[in-house]
């Protein structure tokens, strides 16, 4: 914020609220007036975002509050209720605005005047900003702003924010907010409709009379390019093909562009951990800092590129107007599963991470549809599941074609895991909509915004907000849980017990090697493992693994073994599943440690070839029977595809729903489904001789 020399800033800034429908250029206008937000957070007690920008004009400080987009002040969603509470001074910790700027789309003025006329009745000074005026010019739409201002009794400013038109005039009007506008007289409608319907009819009748002679339309000689594009992207067949191509491009971009940045962040965190480890003496403090705190921070920060990439694509698609067309196209498919078209964006976001997907459900007005969307969003296969899929597919799914030589079986299995989440989500949504959430989904009514180029500043601000929000909300939770997990995996600790366990492991390896056939392919691995115990590094890894087995988490793994054994798992796989609760991807390193195999070399992790070999060499305790087979691998993958092993997701569900009942419900039903799915695929694999 730049303050000219000698300027005076009032100690009590003028607070102005920015109010408008979605897709009216409100974010662009906010940026043009106030620049980058001075504060982005949540309103007190709720998870709806609060965005505040401060700027100065003629020595006066002005706080600009960007309210959530809404179509009406008759609140139906959390976002709309926040806008009403702020405007009426009922939001704790947020001062009532001194005035309101109503952002109205000049290309659809009648629709936007519905909200404007409601805002006029609040008794606050008001300015109407006619945004997208340049787009209206191209469409041949003319608006007599002076006459409209005279009829309303408040300033009406023509604005084209990207090129700065009307910004200086708008700032002048902000300082002159003193006289409340005249309320618009409503026509009466003496019939038996509901009060809300009667108000809408009366208000639109008054708006129609108000705009008579104000808005003009030049005749268009032929159908515009925008209309021709809409005819394609909203077509039942062509639109679906375009949608599939756009989604494929988006996910391909996320998976190809994000990994290099993730590897760079991961390498940086590894270097930092190694540096800190060299500074601190060996002991529990170093282990807590390196294995607990830094590991938790690294596990959080590494996902920022994927979150940023996802919101970059979404912001671009939303900014150009395509997402509204996609939601319109998907509406009929979602309605068949008991959802509404507004569930599309949250479910789409959940393929990268369920957290932003669940948070995106705030825009759904109907509480039934919002809860239903939140409950099924975690079933979408997020990016954290992908490393587990790739590891187990590469190690245990045969490297051959599926029907055709050019169609790899591994690719079919991987695609099937993603499809499994979608199919199960549709089944769950259908079942819930006909039982617990009985009733039809909310009708999906929306206006399609005009096509326009996304504004780079708005896009990058959306990416920044999403990344910071993820770090502050989800990241801190994962860090805290990782510290708890470190404690559970390291205590209690007894040197005598650890030494006895290592000795028993050595004796078991020697006995297995002595009893094995010379042609047994596992002899090389057993010999190598036995030789490793004679090295300082191998002995240290063995002691570390023994400590893990006798820790609280290791004991928990043994305790739940009767539950996981029907899935083909031993207690160690069950323990690894428990350890992966904070973040699913930690199961890879956990498997390496818990099988007494030591830490995985980061260079070997690329392609996971070393870890694949180690898992293939794992044997059940006291036997020569392999732990991992194709049915077991499929069982684990199906379990991870359906289980709610993400503590931060459950916490966000609790915050978004305002109750801890729904996180418990989500965890319970997903865990049951995961167990049943894993049991079914394991038994099927055994039956078919896999």
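Helices (runs of 4 or more DSSP H) fully within the stretch 538-579 that include at least 3 residues being touching a residue at least 40 places away in the same chain (Cβ under 8 Å) and within 31 Å of the chain's Cα centre (by Cα): 571-579.
Return yes when residue 262 is touching a helix residue (DSSP H, G or I) at 6+ places or on another chain (Cβ under 7 Å), over 28 Å from residue 133 (Cβ atoms) and either modelled with pLDDT under 75 or exposed (fewer than 13 other Cβ atoms within 10 Å of the Cβ) (or both) and no when it is not. Yes, satisfied.
Note on the stretch 189-230: residues that are at pLDDT below 70 and assigned to a helix (DSSP H, G or I) amount to 4.
The residues in the stretch 643-665 that are touching a helix residue (DSSP H, G or I) at 6+ places or on another chain (Cβ under 6 Å) and either assigned to a helix (DSSP H, G or I) or buried (at least 21 other Cβ atoms within 10 Å of the Cβ) (or both) can be counted, and the count is 14.
Taken together, the criteria place residue 407 among residues that are surrounded by fewer than 19 Cβ atoms within 10 Å (Cβ to Cβ), more than 26 Å from residue 672 (Cα to Cα) and modelled with pLDDT under 75. Applying the set (1) under 24 Å from residue 635 (Cβ atoms); (2) modelled with pLDDT of 85 or more; (3) not in a helix (DSSP H, G or I) to residue 398 leaves exactly one unmet item: (2).
For residue 627, are the conditions met, namely being modelled with pLDDT under 90, buried (at least 19 other Cβ atoms within 10 Å of the Cβ) and on the phi < 0 side of the Ramachandran plot? Yes. On the stretch given as the stretch 672-688, residues that are surrounded by 18 or more Cβ atoms within 10 Å (Cβ to Cβ), closer than 12 Å to residue 631 by Cα and either more than 30 Å from the chain's Cα centre (by Cα) or free of Cβ contacts under 8 Å to residues at least 40 places away in the same chain (or both) total 2.
Of all the listed residues (369, 331), the sole one being over 19 Å from residue 462 (Cα atoms), in contact with a helix residue (DSSP H, G or I) (Cβ under 9 Å, 6 or more places away or on another chain) and modelled with pLDDT under 75 is 331. Residues in the stretch 509-524 that are within 47 Å of the chain's Cα centre (by Cα) and closer than 14 Å to residue 625 by Cα: 509, 521, 522, 523.
Against the definition (in contact (Cβ under 8 Å) with a residue 12 or more places away in the chain, crowded, with 18+ Cβ neighbours inside 10 Å and on the phi > 0 side of the Ramachandran plot), how does residue 148 come out, yes or no? So residue 148 fails the test.
Residue-by-condition table, conditions (1) buried (at least 21 other Cβ atoms within 10 Å of the Cβ); (2) farther than 19 Å from residue 68 by Cα:
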| residue | (1), (2) |
| --- | --- |
| 100 | yes, no |
| 103 | yes, no |
| 106 | yes, yes |
| 110 | no, yes |
| 120 | yes, no |
| 127 | yes, no |
| 135 | no, yes |
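Residues in the stretch 622-642 that are touching a helix residue (DSSP H, G or I) at 6+ places or on another chain (Cβ under 9 Å) and outside any helix (DSSP H, G or I): 622, 623, 624, 626, 627, 628, 629. If you go through the stretch 324-346 and keep only what is closer than 22 Å to residue 644 by Cα and either surrounded by fewer than 24 Cβ atoms within 10 Å (Cβ to Cβ) or without any contact (Cβ under 8 Å) to a residue 60 or more places away in the chain (or both), you end up with 337, 343, 344, 345, 346. Within the stretch 167-187, is there a residue that is modelled with pLDDT under 90, farther than 18 Å from residue 101 by Cβ, under 37 Å from the mean Cα position of the chain (by Cα) and part of a helix (DSSP H, G or I)? Checked against the condition, which is being modelled with pLDDT under 90, farther than 18 Å from residue 101 by Cβ, under 37 Å from the mean Cα position of the chain (by Cα) and part of a helix (DSSP H, G or I), the stretch 167-187 yields no hits at all. Of the residues making up the stretch 559-568, just one is under 13 Å from residue 620 (Cα atoms) and at pLDDT below 90, namely 561.
The values are calculated or read from the model by the stated rules, or taken from the named source; none is laboratory data. Keep in mind it's a predicted model, so treat the numbers as computed, not measured. Heads up, the Cβs are rebuilt from the backbone with ideal geometry, glycines too, and the neighbour counts pull from every protein chain shown.
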